[in-house]
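Structure first, commentary second.
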Amino acid sequence: MRFANKVVVVTGAGSGIGAATARRFSEEGATVVLIGHHRGNIEKVAKGLSAERTVTRVADVSKPRQVEAAIAATVKQFGSLHVLVNNAGIFKGSTVTKTKTEEWEDVIATNAGGVFYGSRAALPHLVKTRGCIVTTASVSGLAADWGAAAYNASKGAVVNLTKSMALDYGEKGVRVNAVAPSFTLTNMTTDMASNKKLMQKFRERMPLGRAAMPADIAAVIAFLASDDARFVNGAILPVDGGVMASNGQPRFG
């Protein structure tokens, strides 16, 4: 019960890593506010959580006014905010020359903009509670993937924005960290997961021999938000089964 009497906001909580993270915090005693773009999705997740300690709020994280309203309503209802998990994200993969302008703008606005808007709205409240921010970045923000220019750029922005906030707000008692998952089995990766040849290539690059499950990522998010990580600030923690341990060369010998 590391998060008893704590108020936690999770964006993108309607599925995948966000849903697993909301469950993890709820199991550890938190009051959890699920933010998502689709009401049906977040309400479905909420049904499996404590009725007394769960709230849903519909908001598009790429829209600053919607994010600000959701954070303000949370603080008004509960009086404080202790943890913000910036998890909402989308994927649209292509090269620079094949990426449409609207696709670029959508990915950047959601993945990078959502972190900026959510953090900007939450930080004044987190300063008061000496709380923390944990963001879902990606190994694609640490090193690029083929055919994913907009996504790579958005997650690279998230990585450095995390470090910037860690510098600027650490002295005010707010820790800011991020997880960097590798391939994770979520709704966003369903099509990729159904491609047997592609998944075999992924497994060849994964020292632990499997893709991540959302609960694997949620456990590390909870750690970074807990007092156990009280001296961890500005970290981008790969949760990748060892993928980033490789220098990219094929196996030999």
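In table form, for the structure just shown:
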| quantity | calculated |
| --- | --- |
| Within segment 110-162, considering residues that are part of a loop (DSSP other than H, G, I, E, B) and under 16 Å from G89 (Cα atoms), the one nearest to the chain's Cα centre (by Cα) | A137 |
| Per-region count, segment 170-225, residues within 22 Å of T129 (Cβ to Cβ) and either in contact with a Pro (Cβ under 7 Å, 6 or more places away or on another chain) or in contact (Cβ under 8 Å) with a residue 60 or more places away in the chain (or both) | 8 |
| Residue among A222, A218, A157 that alone is within 21 Å of V107 (Cα to Cα), surrounded by 17 or more Cβ atoms within 10 Å (Cβ to Cβ) and touching a helix residue (DSSP H, G or I) at 6+ places or on another chain (Cβ under 9 Å) | A157 |
| Per-region count, segment 126-141, residues out of contact with any strand residue (DSSP E or B) (no Cβ under 7 Å at 6 or more places or on another chain), among the hydroxyl-bearing types (S, T, Y) and under 19 Å from Y169 (Cα atoms) | 1 |
| Search result, residues across segment 1-31 that are in contact (Cβ under 8 Å) with a residue 24 or more places away in the chain, closer than 15 Å to V85 by Cβ and more than 15 Å from the chain's Cα centre (by Cα) | R2, F3, K6, V7, S26, E28, A30, T31 |
| Residue list for segment 226-240, filter: surrounded by 13 or more Cβ atoms within 10 Å (Cβ to Cβ) and either among the basic types (K, R) or under 19 Å from G16 (Cα atoms) (or both) | L237, P238, V239, D240 |
| Residue list for segment 226-253, filter: of a type in the set (A, V, I, L, M, F, W, C) and free of Cβ contacts under 8 Å to residues at least 40 places away in the same chain | F231, A245, F252 |
| Condition check for V75: among the aliphatic types (A, V, I, L, M), modelled with pLDDT of 95 or more and surrounded by fewer than 24 Cβ atoms within 10 Å (Cβ to Cβ) | yes |
| Single unsatisfied condition, L49 versus (1) in a helix (DSSP H, G or I); (2) closer than 23 Å to L185 by Cα | (1) |
| Residue in segment 180-194 that is within 25 Å of R120 (Cβ to Cβ), in contact with a strand residue (DSSP E or B) (Cβ under 9 Å, 6 or more places away or on another chain), not in a loop (DSSP other than H, G, I, E, B) and not polar (S, T, N, Q) present | yes |
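Table: residues versus (1) crowded, with 23+ Cβ neighbours inside 10 Å; (2) assigned to a helix (DSSP H, G or I).
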residue	(1), (2)
G18	yes, yes
F25	yes, yes
V33	yes, no
N41	no, yes
S62	no, no
R65	no, yes
L81	yes, no
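The values are calculated or read from the model by the stated rules, or taken from the named source; none is laboratory data. The model shown is predicted, which means the values in this text are computed figures rather than measured ones. Cβ sites come from the backbone with ideal geometry, for glycine too, and all protein chains shown count toward neighbours.
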